[in-house]
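Read-outs throughout are calculated quantities, based only on the coordinates presented, and are distinct from any laboratory measurement. Note that the coordinates shown come from a computational prediction; the quantities given were computed from them, not determined experimentally. Please note: Cβ atoms are built from the backbone with ideal geometry, for glycine as well, and neighbour counts cover all protein chains shown.
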Amino acid sequence: MEIVAKTYQSIRYWLSEQLILQKLNSPLGFALLAVIGMSLAYLIATTSITVGIALLVLIVGIPVLVLSITNSVFGLGLILFIAVFMGLPTKYVNLPLGTSLDMMLFFLFFGLLIKQIKERDFSWAKSPISVFIIIWVVYNLFQALNPWAESRLAWLFTVRSMGGLILLYFIACHAFKTLADIKIILKFILTLAFISALYGLKQEFFGFTNQELVWLYSDPHRFELIFQWSRLRIFSFFSDPTNYGIYMAYIGTFCIIMALGPTTKKQKFILLSATFLMFAAMIYAGSRTPFVLIPVGLIFFVILTLKKSHIIGIVAMMLLGTLFVMKSTSSAVLWRVQSAFDMSKSDDTINVRLKNQTEIQPFIHRHPFGAGLGATGMWGQRFTPDSKLADFAHDSGFVRIAVELGWIGLLLYAAMLFTILRTSIYYYLRVKDPMIKTIYLGLTVIVFQLCLASYPQEAIVVLPTSITFYIIVAMIVRLKEFDTPTDENPFKPKQLRQSPGDFTSFNKRNTL
């Protein structure tokens, strides 16, 4: 037995030296990696591409997941990346990427709870926005007990988008420790939008891939939505052109506002170039709602700033826009833009939506808690196909909430959005740092645009806008704490206050 024990110890020590101490930089390590590589190659070659992608996700995903838990800013960037690009692989393979996003969110939230045991930083929880978000999450959870709900499974699949993803707000609030953290995420959001614009324009001028066309033709309803005016509308990595167009509209508007702020000439050029590409992609996406969001957002921007140059610019833009709408054209793309501002060209769509809303109002009045999450739309057709609400075309984020969560839920949601908008305006008017003031201004306009877009479309609860929106809300709550480089800042919690020497120079601080 003693000989066996010594032999075991010797083998154990040798393996530890070869694999751990030398970090596989040994003959045994090379042989082991070669066997693993050949085994994976054989498995991928003899199975399907789905297995290969799943193995790649497993190999790369575990280290990335650990890094995301330990580094919250990296985790936020990863979730944004997945939210934007997850629509691309789903057109090629059938993978549960939505579930992977939920799992990612769960692990990040779990990591937040672990960190809070030690840090105990709940300064952001004092914000009225946090209070309303907690109330909203609890209300959605209690919808599982809704007596009017016909399906609990529908609630389970829907609560993730209505109440689950909003947990990202708490993760982002904890992650934003410095102004640099917020700038990193903002730059990453703009980069993702820029790449999305380029890929959308690629679809317009160089065509769709064969697999994208297969995905498009596989669903008659999807094809009817995207093929209009004898042309295919572009959608980039997204699920539909409308969602894509809204994303391009509010990110492009944000770029304009940042370009008018304290940025360098190089940054202004980059921001305005990105804006041009995003607006071009939005036009080829062909949805009416984004066309309206841009001028309305810029008008709101002028009202907040009240600068003479901005007023002159918006008046000139409105005059040119009026002339453009009045001009006749044979281009289907330009006609679609004009129809967004010409009521005579869009009466049919508006009348259908108003008729549907009028017909559903008595139901909303009788059901203060709604018919339950997932009663309408895709989940309603899947879980309660015999229900009258399953085929109800709500065509609006607000109308959907009123039907599924009742008029009580609609009031709570409207109060939450109002609180977010009011808080953002409040701090925009009070902060002193020029860059932080500009960022607040841009975020305020985005929130206003998305609130407006939620009436004709489901703007906020659809990926990737849902992820982006909750991170933006966290920025609104945290930005004020980095306003000035002194302890005189009344917005900064004591545990976050730093000495003037801990800050970079004013010039570095006031550039994006």
If packing is taken as the average number of other Cβ atoms within 10 Å across a peptide's residues, how do 155-168, 433-446, 64-77 rank, most packed first? 433-446, 155-168, 64-77
How large is ³J(HN,Hα), in whole Hz, for each residue of region 203-219 in order, when computed from phi with the Karplus curve 6.51 cos²θ - 1.76 cosθ + 1.60 and θ = phi - 60°, using x for Gly and Pro? 4, 6, 9, 10, x, 8, 6, 4, 5, 5, 5, 4, 4, 5, 7, 6, 10
So if each residue of separation counts as 0.36 nm, and I subtract the Cα-Cα distance between GLN228 and ALA280, what length gain in nm does that give? 16.9 nm
Between the modelled labels at LEU429 and VAL333 (7 Å from Cα along Cα→Cβ) the distance in nm is 4.2 nm
Could you put GLU150, GLU359, GLU458 in order, starting from the residue whose Cβ has the fewest other Cβ atoms within 10 Å? GLU359, GLU150, GLU458
Residue-by-residue Karplus 3J(HN,Hα) for region 415-422, coefficients 6.51, -1.76, 1.60, Hz, glycine and proline x: 5, 5, 5, 4, 5, 4, 5, 5
Taking 31 Å as the cut-off for C-alpha to C-alpha distance, list the pairs among LYS91/LYS355; LYS91/LYS115; LYS187/LYS307 that go past it. LYS91/LYS355; LYS91/LYS115
Rank-order 209-222, 236-249, 375-388, 392-405 by packing density, defined as the average count of other C-beta atoms within 10 Å over each peptide's residues, highest first. 236-249, 392-405, 375-388, 209-222
Could you compute the FRET efficiency for GLU212 and THR264, with r as their C-beta to C-beta distance and R0 at 60 Å, rounded to 0.05? 0.95
Could you tell me which trypsin sites (Lys or Arg not before Pro) in region 69-121 are loop residues by DSSP with no more than 11 other beta carbons within 10 angstrom of their beta carbon? ARG120
